[in-house]
Amino acid sequence: MAQAFTYCRICEPLCGLEATVEGGELIRLRPDREHPLSKGFACPKGIAMTEVQNDPDRVLHPMRRRADGEFERVSWDEALADIAARLNRIRREHGGGAIGWYFGNPASFSYSHPLWMSGFMGALGSRHFYSAGSQDVNNRFAASALLYGSPLLVPIPDLKRTDLLVMLGANPLVSHGSLVTAPRIKEDLAAIVRGGGRVVVVDPRRTETAAAFEHLPVAPDGDAWLLLSLLHVIFAEGLEDRGACDRARGVQRLREAVKDFPPEQTAVHSGVAAGDVRALARSLAASERPVVYGRTGTCLGRYGTLTAFLIDVVTLVAGGLDRVGGAIFGQSPIRIDEIAKRSGVATYGTVRSRVGGYPDVLGTFPAGVMAEEIRAPGTGRMRALIVSAGNPLNSVPGSAALGEALDELDLLVCIDLYVSDTGRKADYVLPATTFLEREDFPLPFLQNHLTPYVTWTEAVVPPRGEARQEWEIIDSLARRMRLPLGSVGAQRLLYRMGVRPSPRTMVDALLRTGPYGDWYGLRRGGLSLRKLRANPHGIILGDHQRAGTLRSRILHKDKKVHVAPPEIVAEIERLAAAPAPPDDYPLRLIGMRELRSHNSWMHNAPALMRGKRAHAARVNPKDAAEYGLQDGAPCRVTSEHGSVVLPVKVTDEMTPGTIAVPHGWGHDGGWQVANAAGGANVNLLASPDPADLEPLAGMARLNGVPVKIAPGRPPA
Ligand SMILES: Nc1nc2c(c(=O)[nH]1)N[C@H]1C(S)=C(S)[C@@H](COP(=O)(O)OP(=O)(O)OC[C@H]3O[C@@H](n4cnc5c(=O)[nH]c(N)nc54)[C@H](O)[C@@H]3O)O[C@H]1N2
Ligand SMILES: Nc1nc2c(c(=O)[nH]1)N[C@H]1C(S)=C(S)[C@@H](COP(=O)(O)OP(=O)(O)OC[C@H]3O[C@@H](n4cnc5c(=O)[nH]c(N)nc54)[C@H](O)[C@@H]3O)O[C@H]1N2
Ligand code: SF4
Ligand SMILES: [Mo]
C-alpha cells in the first residue's frame, strides 16, 4: 500500500487529500493533515470521491449510441475517426463556426482542459462557445470589465483582516466558499466575530451561515435595490470615503443615479426595512476595514451584473476597496494579467451572440441561447456540439427546450465520467479521467487564495479502463481533423512547426518566469515545477495577499475605477422601470446547495446518499398552511415555463413567500443510484427564452423565478 498526497478538485477550497493506493487502485481518501491551509479538513464530498473514482457506473470506454438508444462500446480509434470525419464534413459544408462547445464546472479545475479546448475553438474559428459561467459567475467578470477594464480583476474579501463582512447570496458553511479560496473558511468567519467584528449574511433563507452569524433577510432578486439604497444613504449623509471617491471616475453621476433610491422607497423591492438599511450603511461607513462580498445568490437574478458592480462600489465608497481587510486583488505566481492581455482571451463584449446579441464574456456566450442557436436557421447555425465536464440539461435554464434542441443536432459528443443526463442524448460518450487520474495545477484559483499559495499534483492512480485526459482527447481529435491548435500565439506557431508542448512544460515555463520564479537558475530558491514536486503539500508564498495593487493593474487608460459607465446607468434605469411580476405566480423560487450534493454529479456516491436523502422544496410554515402543504408530502411547483413535483420540507428558515429548491436532481442518466434518488430537474421551471437573460452578461434567471405551489401527486 502506498500513500500519495494530492488536492481535491471538486470545489474551490482545493483541500489537501491523502490517498491510499494499492495495485494502482484507490483504496481510500483522507484529509491531509500536513496541508498548510486545509490542515486536516476535507468535507464529505471530497472523501466520497473514492466512490466516484471506483464507481461501477463510470464510463470506461468510448461509447456510441445505437439507433435503439442503448450505448455500445467502440474503440478510441473508431470513435475519434468517425467524430473527426463528421466534424470535418460540417466544416466543409457550413464552416468551423457551426461546431459548438459547452464546458461545465469541473473543467475549470483542470489546468490543461481549458487551454486545449480554447485552442480547439480558436482554430475552428467558432463562436459557439458556452459554459456553466452564465449560470454562475460571468456577471462578476462583466462587472470587473466595466469597473477595472479587465474581466479577470476580481477582488476577494480579505477575511483574515476585515472587521465588517457583508455577505450577499453566499452560504460558505455549505459551499465552502467561492471566488475566494480559504479551506477553513468557517474558522476565518468565526475569527472576525471573535476579534470584535461582524459578519452580516444577506439571504432570503436563514442558511447555515446566516444562523451562525447575523442574518438580514432580503427579497429574492432584491439585492440591487438594497445596494442602491446603501449608496443613497452613504452619499446623502456625507459618509463616503472622500479619497477613494476622488480617485474614481463617475462619482458625480453615481450620486445622481442613486438619489432616487432612498431606503423608504426600495423596501418593497428589497424586503429590507429602511431602518435596517440606514443602520447597515452607517456601519459600513464607520468600519475601519469593511468589505461587501456576493456570490451565486446575487448572480442569478435579473440584474446580476449591476448587483456585482454595486457590491464593489459600496465597498469602495465605504473605504474598503483595495485596502487591507477590504476587497483586495490577489496575485498569482504566474503572470496571469500579462498573459491575459497578450493572448487576447480576457475579453468582454468584443463579439455578440447570433441569437439575442449578448456580449461575450471571456470569449463565451450565455448557455441560455444554445437551444435557439441550434434551432434558428441561417448562417452560423450550430450543428454539432461537444460537451465536456458539463451536464447542461440539468444546469441550464429551460431544460425542456434544450433537450428538444439537442435532438436536432447532427452530432453530440460528451466527454464525461458518466453517461450524464445530457450524455443520454449523445451520439458518443468519451471516457474522461477523474482528477485523481491526472496531474494538475490550480491555475485559475491562484489569485483567489486568501493566503498566497501554490501547489502541483501528479496523478495518484492510473486511468481506469480506457479513460483519457481531456487535453489528450482534444489533441488527437485535432490531429485527425488537421486542425492546428494553440490558444496563445506562440503555442499556435509551435504547433504549426510540428512542436507540441505538453501542458506540463508550459506550466514549468510560466512558473519559472513568474514573480516567484527561479528564472532558470538566476534566482536561487525560486519556483519551478521541480520545486513544487519536491513539496507535495504545496508552498505558502506569503501571509496575506497584498492590498494597494489595483492602480497598477487597472486596464482603463485613465487608471481609475469607473463607477458609473453608461451600461450601468442604463441598468439602473431598467431596474427602476421594471414591470410588476405576474399575480398568478405569487411565490419566488430560489436555489440552494446541500453539503452532500455537488451540482448534478455526486448523487451516485452511496456515502453521500445515505439516510434516504431526498430532494425537497423548502417552504415556510405560513405558506405551507396557506397552500395546504404537508411536510414530506409531494407538492407541485409551477412557473410560466414548466412544472415539477417533489417533496415539501416545511421550515421557518425560509422567509414567507420564498421557496428554495436545490438544482441538480431528477436524474435520467447512466448512474443507477442517482436515477433511483428521484427528485426533479428544477431548471424546467426557468425560462427557455433568450430574451429573458440578464442583458450585460447573459446570466440565467434561476433565482427569484415567479412560481405557484400546490399539493401534488408524484408522476405515475
Ligand atoms: N437552478 C440552478 N441551476 C444552477 C445553479 C443554481 O444555483 N441553481 N448553479 C449553477 C452553477 S454555479 C454551476 S457551476 C452549474 C454546473 O453545471 P454543469 O457544469 O453543466 O454541470 P455539473 O452538474 O457540474 O456536471 C458536471 C459533469 O461533469 C462530469 N465530470 C466530473 N468531473 C469531471 C472531469 O474531471 N472531467 C470530465 N470530462 N467530466 C467530469 C460529471 O460527471 C458531470 O456530468 O450549475 C448551474 N445551474
Ligand atoms: N456542498 C456543495 N458545495 C458547493 C457546490 C455544491 O453543489 N454543493 N457547488 C459549488 C459551486 S459550482 C459554486 S458556484 C459555489 C457557490 O457558492 P455559494 O454561492 O456560496 O453557494 P450557495 O449555497 O448556492 O449560496 C447561494 C445563496 O444565495 C441565496 N440566494 C438565493 N437567491 C438570492 C437572492 O436573490 N439574494 C440573495 N442575497 N441571496 C439569494 C441562497 O439562499 C443561498 O444561500 O458552491 C460550490 N460549492
Ligand atoms: S470542501 Fe470538500 S469538495 Fe470542496 S475541495 Fe474541500 S474536500 Fe473537496
Ligand atoms: Mo458554480
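Residues ARG206, ARG194, ARG701 ordered from highest to lowest accessible area at a 1.4 Å probe: ARG194, ARG206, ARG701.
Distance from the Cα centroid of the stretch 647-696 to that of the stretch 30-52 is 28 Å (rounded to whole angstrom). Cβ-Cβ distance of VAL268 and THR549, R₀ of 56 Å, FRET efficiency by 1/(1 + (r/R0)^6): the value works out to about 0.85.
Helices assigned as whole DSSP H runs in the chain whose Cα atoms extend at least 20 Å along their own long axis and whose mean Kyte-Doolittle hydropathy is 0.0 or higher are found at 304-318. Looking at the stretch 44-191, the pairs of alpha carbons with a distance over 27 Å make up 47% of the total. Here ASP260 sits with roughly 110 square angstrom of accessible surface, probe radius 1.4 Å.
Taking every DSSP beta bridge that has both ends in the chain, the antiparallel portion is near 50%. About the centre of its Cα atoms, the stretch 491-598 shows a dipole size close to 1100 debye [charges on the beta carbon of Lys, Arg (+1) and Asp, Glu (-1) only; nearest 20 debye].
Taking the convex hull of the alpha carbon positions in the stretch 579-711 and averaging its projected area over all directions gives 8.9 nm².
Using a 1.4 Å probe and counting only protein heavy atoms, arrange LYS622, LYS259, LYS612 so the residue with the most accessible area comes first.
Details: LYS622 140, LYS259 120, LYS612 190 Å².
Per-residue accessible area, sorted high to low, gives LYS612, LYS622, LYS259.
With every protein chain left in place, what is the accessible area per residue of the stretch 201-282 in square angstrom, probe 1.4 Å?
Values: 3350 Å² over 82 residues.
With all protein chains present, the stretch 201-282 gives 41 Å² per residue.
Only the Cβ atoms of Lys and Arg (+1) and of Asp and Glu (-1) were treated as charged; on that basis the dipole of the stretch 579-711 about its Cα centre amounts to roughly 600 debye. For the chain, averaging the sequence separation of C-alpha pairs within contact (under 8 Å, six or more residues apart) and dividing by the residue count gives a relative contact order of 19 percent.
How big is the dipole moment of the chain about its Cα centre under a simple scheme where the beta carbon of each Lys and Arg is +1, that of each Asp and Glu is -1, and everything else is neutral? Debye, nearest 20, please. Mind dumping the intermediate values first?
Values: 83 positive and 77 negative charges, 380 e Å.
It works out to roughly 1820 debye.
How much of the accessible area of the chain, in percent, comes from carbon and sulfur atoms when a 1.4 Å probe is used? Looking at the chain in its full context, I get 51 percent from C and S.
Considering the stretch 358-421 at the alpha-carbon level, its Rg and Dmax are found to be 11.8, 35 Å.
Antiparallel versus total DSSP beta bridges in the stretch 579-711: what percent is that, nearest 5? Close to 70 percent.
Add -39500 (n - 2.57) for each DSSP H run of 4 or more in the chain, then divide by its residues: what number comes out at 222 nm, to the nearest 500 deg cm²/dmol? Write out the running numbers ahead of the final one.
Details: 27 runs with 233 residues, N = 716.
That comes out to -9000 deg cm²/dmol.
What fraction of the Cα pairs in the stretch 1-117, stated in percent, has a spacing above 21 angstrom? Provide the component values of the computation, followed by the final result.
On the way: 4048 of 6786 pairs.
Result: 60 percent of Cα pairs exceed 21 Å.
Positive-end ranking of GLY679, GLY100, ALA633 along the dipole of the chain, with charges on Cβ about the Cα centre, is headed by GLY100.
Within the chain, the percentage of alpha carbon pairs spaced more than 45 angstrom apart rounds to 17%. Ordering ALA426, PRO463, LEU436 by the projection of their Cα atoms onto the charge dipole of the stretch 422-492, which places +1 on the Cβ of Lys and Arg and -1 on the Cβ of Asp and Glu, puts ALA426 at the extreme positive end.
Along the charge dipole of the chain, pointing to its positive end and built from +1/-1 on Cβ of Lys, Arg, Asp and Glu, which listed residue (GLY526, PRO582, PRO484) has its Cα farthest out? Among GLY526, PRO582, PRO484, the one farthest towards the positive end of the dipole of the chain is GLY526. Only protein heavy atoms count here; under a 1.4 Å probe, LYS649 has an accessible surface of about 90 Å². Cα centroid separation, the stretch 423-481 to the stretch 137-216: 29 Å.
With every protein chain left in place, what is the accessible area per residue of the stretch 579-711 in square angstrom, probe 1.4 Å? Can you show the working numbers first?
Numbers: 5230 Å² over 133 residues.
Per residue, the stretch 579-711 has 39 Å² of solvent-accessible surface.
Distances between every pair of Cα atoms in the stretch 329-452, grouped in 5 Å steps from 0 to the bin holding the largest one, split as 2, 10, 14, 16, 16, 16, 14, 9, 3, 0, 0 percent. Beyond 24 Å in Cα-Cα separation lie the following of the pairs LYS649/LYS708; LYS186/LYS612; LYS612/LYS649; LYS186/LYS708; LYS341/LYS559; LYS160/LYS531: LYS186/LYS612; LYS186/LYS708; LYS160/LYS531.
The values are calculated or read from the model by the stated rules, or taken from the named source; none is laboratory data. Because the structure is predicted, anything quoted here is derived from the model rather than measured. All Cβ positions, even for glycine, are placed from backbone atoms using ideal geometry, and neighbour counts span all protein chains on display. SASA here: full protein model, heavy atoms, side chains in, ligands and nucleic acids out. Shrake-Rupley method; radii C 1.70, N 1.55, O 1.52, S 1.80 Å.
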